[in-house]
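The values are calculated or read from the model by the stated rules, or taken from the named source; none is laboratory data. Please read these numbers as outputs of a predicted model, since none were measured by experiment. Here the Cβ positions follow ideal geometry from the backbone for every residue, glycine too, while neighbour counts run over all protein chains shown. The area values use the complete protein model at the heavy-atom level, side chains included, leaving out ligands, DNA and RNA. Shrake-Rupley method; radii C 1.70, N 1.55, O 1.52, S 1.80 Å.
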Amino acid sequence: MPVYRSVVCPFCGCLCDDLEVTVEDNRIVKVRNGCAISTSKFLHHHENRVEKPLIDGESATLEEAVKEAAEILKSARRPLIYGLSSTECGAIAKAIELAELIGGVIDNTASVCHGPTILALQTLGESKCTLGTVRNRADLIIYWGCNPLEAHLRHLTRYSAMARGLYTSGGRKDRYVVAVDVRETRMKRVADLFVKVKPGGDYELLSALRAVVRGYGLDVDEVSGVPRDVILELAERMKKSRFGAIFFGLGLTQSEGRHMNIEAAIGLVADLNHHTKFVLIPMRGHYNVAGANTVTTWQTGYPYAVDFSRGYPRYNPGEYTAVDLLSRGEADAALIIASDPVAHLPYKAARRLAEIPTIVLDPKRSMTSMIGRVVIPTAAAGIEAEGTAYRMDGIPIRLKKLMEPPEGVLPDAEILSLIIEEVMG
Amino acid sequence: MMELRLKPKVSGLSIPLEAEVISPDVVAGKTLREVEELRVYHGNRVETLSEYFEVEGEVAPNPEEQLIIVEGDVSWVKYIGAEMTAGKVIVKGDAGMHLGSRMTGGEIIVEGSVGDWAGAEMAGGLIRIRGDAGDLLGAAYRGSPEGMRGGCIFVEGSAGYETGTGMRRGLIVIGGDAAPFTGAHMNGGVIFILGRAAKRLGAQMKGNGSLIICLGEVEELLPTFVYDTTYTPTFMRIYLKTLSEKLGIKRAEEYIGRAFRRYRGDRAVGGDGEILVVERG
Ligand code: SF4
């Protein structure tokens, strides 16, 4: 019975790399060290699989499916390639090659989660560090608009609030923990200070903090429902910390203000670096969405929303982002890789996907695979295939292969190579 | 001016057409035949202008004398008048994204509304929009530090999010309402808002004489803008007269002699820009 040690978990942006997975008869039977999400996903990995390639719901051979996919992509004027956050970097690179070949638009799921973060980083730059540095050094940790207790279960114990590190051997008691959110989440119990901000009021609060850190007074009694005293005290605490870190999530990137919120947060962190060391790290959800951005950047110069229609890459979120392209009815064919946009995108965009010929590459059945004209099963990266993924702090980590994929099922990168060959003819 | 007319052959294309060739600079000096053959981009296909437009009229020897009239709704056409330096374009309906982006001279009149990024990073000339403008009017493109660097944009209707982001010089006049983050990152230039100004006006505005003038109601100012005085600036008279005489905004004159509340900011970035809000009553 093979037991794999130091397995990397491919289920969220933490990419915990200390799991122990036992495989018996090509089936995962035991998982150690994983959080509840991870354990359940590993143990149920064999369920709900796409078994055979499908064309219009009828089973087909891989060759037929690849041929049909290539035909669809070749004849499209505005093909869209989307997803990519739950596959490995090799597949992402292939997807970009294909996008260039067909003169299409390539976008990844960052456009609906941390796209605004990237926009802000491009405007202002970023002060960052690895999660290991946070673990070893941070004595002030702020969670803004994110709830790791529900989304990144081991974040607190492995990397942040509760973790014991080199200069934080006392763990939780060596750190001051702040949580900022629009409603009281379970983080309230973890935090020393819970700041409840009026929905849609993050931008104002961040601006006020920035002004105070810069040494201005505050002429108002409260900002976004937060009393002045709390703001003054928090600013002081930030300046006095030895090493501060802000983790932020969709509560900040997808609420009113979006990329401007992040600009304000980056600005705050930049200003704090005049006083002490401070960093900002986005809580990335899908395990390799950071990789999708990284690979797209190193290949095209841009992190997401890249249009190849004129032969060279162009970048403009809002114009070339999948949601916008679909909602405006622009995309006339789509290739979805390792993602379920029908379940997650706004109705109008999802409906468009059902109207146009859509090709779906996924190990599992999903709402998107149900509407797919062509569906091709894939080997799951990190379980049935090797590859590289990027952790939320931008650290590349090698994923392991633990078992064989079902017969005849190939990894994303290989299927994409076949489609590329077919398109090139 | 010599008039060239483009009559759309199709309507409401779902895949937009990129036609930066609809510009006096490109057209001038060509034959009608050559104009028909100009390249446009539809998705990943390269096609000719004549597949989408009937081309009639006269071509001028140089852009200064060239007038292009687009007869109909072209909300599906991007980049009309982009990078133009002289001459005039009139669109008799709506226009798509990037209209007049990076233009440095000449004039564009749109009788309908325009998509996002109109006048983005423009450096000179005049854009007049009779309808509404989309988001990022006169803004900086992503990753670029400066938006509008000169010229004038006048929208008679409302303007979308982040109008005038990163503006460095020039004038934007919004006849209707302004959406949130108007004048964000402004570092020079002037924005007039005649309708209602939504919140987060002038967010992260730096200074350099940046000025936002609100003649209508203001939803809310950021806590990092600080009130300093109420006064009746003399320069306002000249500005308002210019709006009335040069742009035909007669109602601007009603505000001559009125007092304004002055706010400075954005302190979040140590900025020293100004927002002037007209005193009610
Ligand atoms: S926290 Fe994330 S990476 Fe770590 S075990 Fe849980 S799901 Fe996997």
* Asked: Highest GNM mean-square fluctuation, chain A, Cα pairs closer than 10 Å: which of A:ALA179, A:ALA343, A:ALA65?
  -> A:ALA343
* Amide H contacts under 5 Å for B:ARG5, placed H, 5+ residues apart -> B:GLU56, B:GLY57, B:GLU58, B:ILE69
* Asked: Rg and Dmax of segment A:69-120, Cα atoms, in Å?
  -> 12.2, 38
* To do: Note the direction-averaged projected area, equal to a quarter of the hull surface, for the Cα convex hull of segment A:210-260, in nm².
  => 4.4 nm²
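For segment A:208-286, what proportion of DSSP beta bridges, expressed in % and rounded to the nearest 5, is antiparallel?
Numbers: 2 of 8 bridges.
Of those bridges, close to 25 percent are antiparallel.
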* Structure fact -> Across A:326-334, the residue-averaged tally of Cβ atoms belonging to other chains within 10 Å stands at 2
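If the viscosity is 0.890 mPa s and the temperature 25 °C, what translational diffusion coefficient in µm²/s does Stokes-Einstein give for segment A:91-153 when Rh comes from Kirkwood over Cα pairs? Please report the intermediate quantities before stating the final value.
On the way: Rh = 15.2 Å.
Translational D for this selection: 161 µm²/s.
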* To do: Between B:ILE249, B:ILE238, B:ILE213, find the one with the highest GNM mean-square fluctuation for chain B; connect C-alpha pairs within less than 10 Å.
  => B:ILE238
* Structure fact -> Which residues qualify? For B:ILE127, with a placed amide H closer than 5 Å and at least 5 residues away or on another chain, they are B:ILE108, B:CYS152, B:ILE153, B:PHE154
* For A:ASP174 and A:TYR4 in the same chain, what is the full-extension length gain: residue separation times 0.36 nm, less their Cα-Cα distance, in nm? -> 57.8 nm
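Roughly how many Å² is the accessible area per residue of segment A:169-214, as a whole number, for a 1.4 Å probe? Intermediate values should be presented prior to the final figure.
Working: 1900 Å² over 46 residues.
Per residue, segment A:169-214 has an accessible area of 41 Å².
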* Structure fact -> Taking Cα atoms only, helix A:289-300 is inclined relative to the longest principal axis of chain A by an angle, in degrees rounded to 10, of 70 degrees
* Among A:THR109, B:ALA197, A:GLN299, whose Cα sits farthest toward the positive end of the charge dipole of the protein assembly as shown (+1 at Cβ of Lys/Arg, -1 at Cβ of Asp/Glu, about the Cα centre)? -> B:ALA197
* Run the 1.4 Å probe and let me know the accessible area of A:ARG398, rounded to the nearest 10 Å². => 140 Å²
* **Proximal lysines to A:LYS128, defined as alpha-carbon separation beneath 21 angstrom and excluding residues fewer than eight positions away on the same chain** => A:LYS239, A:LYS240, A:LYS277
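Suppose a student asked you for the relative contact order of segment A:115-282, using Cα pairs under 8 Å spaced at least 6 residues apart; what percent would you report? The partial results should precede the final answer.
Numbers: 309 pairs, mean separation 54.1, N = 168.
Result for segment A:115-282 is 32 percent.
Taking every DSSP beta bridge that has both residues in the protein assembly as shown, what percent is antiparallel when rounded to the nearest 5?
On the way: 45 of 129 bridges.
Taking every DSSP beta bridge within the protein assembly as shown, about 35 percent pair in antiparallel fashion.
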* Asked: Over the C-alpha atoms of segment B:214-281, what are the Rg and the largest Cα-to-Cα span, Dmax, in Å?
  -> 13.2, 37
* **Residue-by-residue Karplus 3J(HN,Hα) for segment A:227-237, coefficients 6.51, -1.76, 1.60, Hz, glycine and proline x** => x, 4, 4, 5, 5, 4, 5, 5, 4, 4, 4
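When Lys and Arg each count +1 and Asp and Glu each count -1, what net charge do the other residues less than 10 Å away from A:VAL197, Cβ to Cβ, add up to?
Details: positive: A:ARG183, A:LYS196, A:LYS198; negative: A:ASP181, A:ASP202, A:GLU204.
Its environment carries a net charge of 0.
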* To do: Scan around A:VAL360 for amide H atoms under 5 Å from its own, H built in the peptide plane at 1.01 Å from N, and keep only partners 5 or more places away or cross-chain.
  => A:ILE336, A:VAL374, A:VAL375, A:ILE376
* Structure fact -> If one compares the long axis through the Cα atoms of helix B:234-246 with the longest principal axis of the Cα atoms of chain B, the angle in degrees, nearest 10, works out at 20 degrees
* **Among B:GLY216, B:GLY151, B:GLY106, residue whose mean-square fluctuation peaks in a GNM of chain B (springs only between Cα atoms under 10 Å)** => B:GLY216
* So what's the Cα pair-distance distribution over segment B:124-168, bin width 5 Å, in %? -> 7, 23, 29, 27, 11, 3
* Asked: Which of the peptides B:85-91, A:324-330, B:59-65 is most tightly packed, and how do the rest follow, going by the mean number of other Cβ atoms within 10 Å of each residue?
  -> B:85-91, A:324-330, B:59-65
* To do: Divide by every residue of chain B the summed helix terms, -39500 (n - 2.57) for each DSSP H run of at least 4, and state the resulting mean residue ellipticity at 222 nm, rounded to the nearest 500 deg cm²/dmol.
  => -2000 deg cm²/dmol
* Structure fact -> segment A:146-192: relative contact order from alpha carbon pairs under 8 Å, six or more residues apart, as a whole percent, is 30 percent
* Asked: Averaged across the residues of A:212-222, what count of C-beta atoms belonging to other chains lies within 10 Å of each residue's C-beta?
  -> 3
* Other chains' Cβ within 10 Å of B:267-276 residues: what's the mean? -> 4
* Asked: Expressed as a whole percentage, what fraction of the accessible surface of segment B:1-158 belongs to carbon and sulfur atoms when a 1.4 Å probe is rolled over the protein heavy atoms?
  -> 44 percent
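Explain nothing, just the number: relative contact order of chain B, from Cα pairs under 8 Å at least 6 residues apart, as a whole percent.
Values: 946 pairs, mean separation 28.0, N = 281.
About 10 percent, as a whole number.
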* Once both labels are modelled 7 Å past Cα along the beta-carbon direction, what's the B:GLU254-B:ASP272 spacing in nm? -> 3.6 nm
* Could you work out the helix-only [θ] at 222 nm for chain A, with each DSSP H run of four or more residues adding -39,500 (n - 2.57) and the total divided by the number of residues, to the nearest 500 deg cm²/dmol? -> -10000 deg cm²/dmol
* For segment B:172-188, just list the computed ³J(HN,Hα) in residue order, Karplus coefficients 6.51, -1.76 and 1.60, θ = phi - 60°, integers in Hz, with x standing in for Gly and Pro. => 10, 10, 10, x, x, 8, 10, 6, x, 6, 5, x, 4, 6, 5, 9, x
* Structure fact -> Computed over chain A: longest principal axis from alpha-carbon atoms vs helix A:89-102 long axis, angle to nearest 10 degrees, is 60 degrees
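What's the total accessible area buried between chains A and B, using a 1.4 Å probe, rounded to the nearest 100 Å²? Each step should come with its number before you reach the end.
Values: alone 17710 and 11600 Å², together 26060 Å².
Roughly 3300 Å² of accessible surface disappears when A and B pair.
Leaving out ligands, DNA and RNA, what percent of the accessible area of chain A is carbon and sulfur, probe 1.4 Å? Numbers along the way, then the final one.
Working: 8010 of 16130 Å².
Looking at chain A in its full context, I get 50 percent from C and S.
From the P(r) of segment B:69-161, can you give the percent of Cα pairs sitting at distances over 18 Å? Write down the numbers at each step before the final one.
Values: 1329 of 4278 pairs.
Tail of the P(r) past 18 Å holds 31 percent of the pairs.
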* To do: Return the Cα extents of segment A:115-282 along principal axes one, two and three, sorted largest first, each rounded to a whole Å.
  => 40, 32, 30
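With a 1.4 Å probe and all protein chains left in place, how much accessible area per residue does segment A:1-91 have, in Å²?
Computed with neighbouring chains in place, this is 46 Å² per residue.
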* Directionally averaged shadow of the protein assembly as shown, computed from the convex hull of its alpha-carbon atoms, nm² -> 31.4 nm²
* To do: Over all alpha-carbon pairs in chain B, figure out the percentage whose distance exceeds 22 Å.
  => 55 percent
* Using r as the Cβ-Cβ distance of A:GLU150 and A:TYR312, and R0 as 35 Å, what FRET efficiency do you calculate, to the nearest 0.05? -> 0.25
* Asked: Packing-wise, with mean Cβ within 10 Å as the measure, how do A:193-201, B:161-169 rank, highest first?
  -> B:161-169, A:193-201
